[in-house]
1. Find the strands (runs of 3 or more DSSP E) located wholly in the range 124-204 whose residues include 2 or more that are on the phi < 0 side of the Ramachandran plot, touching a residue at least 24 places away in the same chain (Cβ under 8 Å) and touching a Pro at 6+ places or on another chain (Cβ under 9 Å), and list them.
2. What number of residues within the range 93-106 are part of a helix (DSSP H, G or I) and within 14 Å of the chain's Cα centre (by Cα)?
3. Please determine whether any residue of the range 156-176 is over 16 Å from the mean Cα position of the chain (by Cα) and under 14 Å from residue 90 (Cα atoms).
4. Can you tell me which residues in the range 68-92 are in contact with a helix residue (DSSP H, G or I) (Cβ under 7 Å, 6 or more places away or on another chain) and part of a helix (DSSP H, G or I)?
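A short reminder: the numbers here are calculations on the coordinates, not readings from a lab. Predicted model only: the values in this text are computed from it and were never measured. For neighbour counting, all protein chains shown are included, and Cβ atoms are generated from backbone atoms with ideal geometry for every residue, glycine included.
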Amino acid sequence: MTSLRMFNQTSRTMSNTEEAKKTVRDNEKTTADGLSISEIRKVVTEQLAGYGDADGMSVMKLVRLLGSAITGRKEEYRISFNREDENRWFVDFPNWPWKKGNLEMVCGADRFLDLLSEGKDRVTIIAKTPSEKLDEAEFQQLMQDGWHELEQTQSSLTGGATYTVRGAKAAQFMRQHPLTGESMPRTLWLCPVTLFVVGRYPKYFYVKAVEE
């Protein structure tokens, strides 16, 4: 009996050890864009931070949405935005399971949508996400057709990403230096909901407003 108990204890210990190793391996697995499973969990946790009424169903939906965006990433997206009260812009995300405020476009992104919408309360864009910056001559041709280039300057997993803007309406997307009064390029910020839409923070976005 003693030998049998020792055998069972040893088996359970080995099983627990293997399960622990599997957990570590799962956490170290990465997606095609380099996000680990633990990082995905971190994004979801950060997205829910500050809300005491989180429920398991919302968490699971967020996990599925993020996983789907990462594994199903594309080089071209069609995304719509709606302008609501007080000139506030929101990305059109029908299946978003959490707070609507997460979907608001702020910190320059709203100003950019003002320009693209040309006064309308809804705008749809085509967003291309190539892995490399387009040749300058190619971009100049695209710019004549209404395209804009968004180039990432910084990003963090749960802190969003900042982009500079060049393109057809870029001259209207400028700001004055507070001291010198000189015109300066305006940046825009995209929040972590970007990860749930395109599965990453692309280094480059090429964007154009289109008819629905």
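1. Because the criterion is at least 2 residues that are on the phi < 0 side of the Ramachandran plot, touching a residue at least 24 places away in the same chain (Cβ under 8 Å) and touching a Pro at 6+ places or on another chain (Cβ under 9 Å), the strands (runs of 3 or more DSSP E) in the range 124-204 that meet it are 148-156, 160-167.
2. 2
3. There is no residue in the range 156-176 that is over 16 Å from the mean Cα position of the chain (by Cα) and under 14 Å from residue 90 (Cα atoms).
4. 69, the sole residue that qualifies.
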